[in-house]
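Visitor: The structure under discussion is supplied below as structure tokens; questions concerning it will follow.
Values in this text are rule-based calculations from the coordinates and carry no lab data. Nothing here was measured: the structure is a model prediction, and the numbers come from that model. Here the Cβ positions follow ideal geometry from the backbone for every residue, glycine too, while neighbour counts run over all protein chains shown.
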Amino acid sequence: MDLDEMLESINTREEFADFICGLKEDLESNPGEWENPTLERFLDAMEAWVRAMNFYVANSGDEDVLTPSWQTFAKILLASKIYE
């Protein structure tokens, strides 16, 4: 399943754990598609994206991301894959 499709179906802790596994598999299979393939860069991007979430909300209209949920955590991880 595609990561974006997985993201949309996350409602439980188990589904979030499956998403994390999917992220790991995506990194192993497609490292060239990751802007932040190292842990240090990934965590830097995660911090930056969380600090800039209000801009994401303004651009996407996705206000649900401001209320923490398993899906919100997954969105943070997925954004950290590519956020600069």
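Visitor: When a footprinting reagent is the concern and you count Cβ atoms within 10 Å, what order do M6, M1, M53 take, fewest first?
Guide: M1, M53, M6
Visitor: Cβ under 15 Å from N54's Cβ, N54 left aside: what net charge do those residues give with Lys, Arg +1 and Asp, Glu -1? Before the final figure, lay out each step's value.
Guide: Values: positive: R51, K75; negative: E47, D62, E63, D64.
Once positives and negatives cancel, what remains is -2.
Visitor: Can you give the net charge of the other residues whose Cβ lies under 13 Å from the Cβ of G32, counting K and R as +1 and D and E as -1? Display every interim value, and only then the final one.
Guide: Numbers: positive: K81; negative: D26, E28, E33, E35.
The answer is -3.
Visitor: Hey, what number do you get for the chain at 222 nm if only DSSP H runs of n ≥ 4 count, each worth -39500 (n - 2.57), divided across all residues, to the nearest 500? All intermediate terms of the calculation are to be shown ahead of the outcome.
Guide: Details: 5 runs with 57 residues, N = 84.
After summing the helix terms and dividing by the residues of the chain, the value is -21000 deg cm²/dmol.
Visitor: Which order do K75, K24 fall in if you start with the one that has the fewest other Cβ atoms within 10 Å? Before the final figure, lay out each step's value.
Guide: Working: K75 21, K24 10.
Result, fewest neighbours first: K24, K75.
Visitor: For the range 3-82, count the residues as N, evaluate 2.2 N^0.38 Å, and divide the Cα radius of gyration by that value, please.
Guide: 1.06
Visitor: If you average the sequence gap of Cα pairs under 8 Å that are 6 or more apart and divide by the length of the chain, what percent do you get for the contact order?
Guide: 42
Visitor: What does the net charge come to around A45 if you take all other residues with beta carbon closer than 12 Å to its beta carbon, with K and R at +1 and D and E at -1?
Guide: Neighbour charge sum, excluding A45 itself: -2.
Visitor: At 0.36 nm per residue, minus the direct Cα-Cα distance, what do I20 and D4 gain on full extension? Give it in nm, one decimal, please.
Guide: In short, 4.5 nm is gained.
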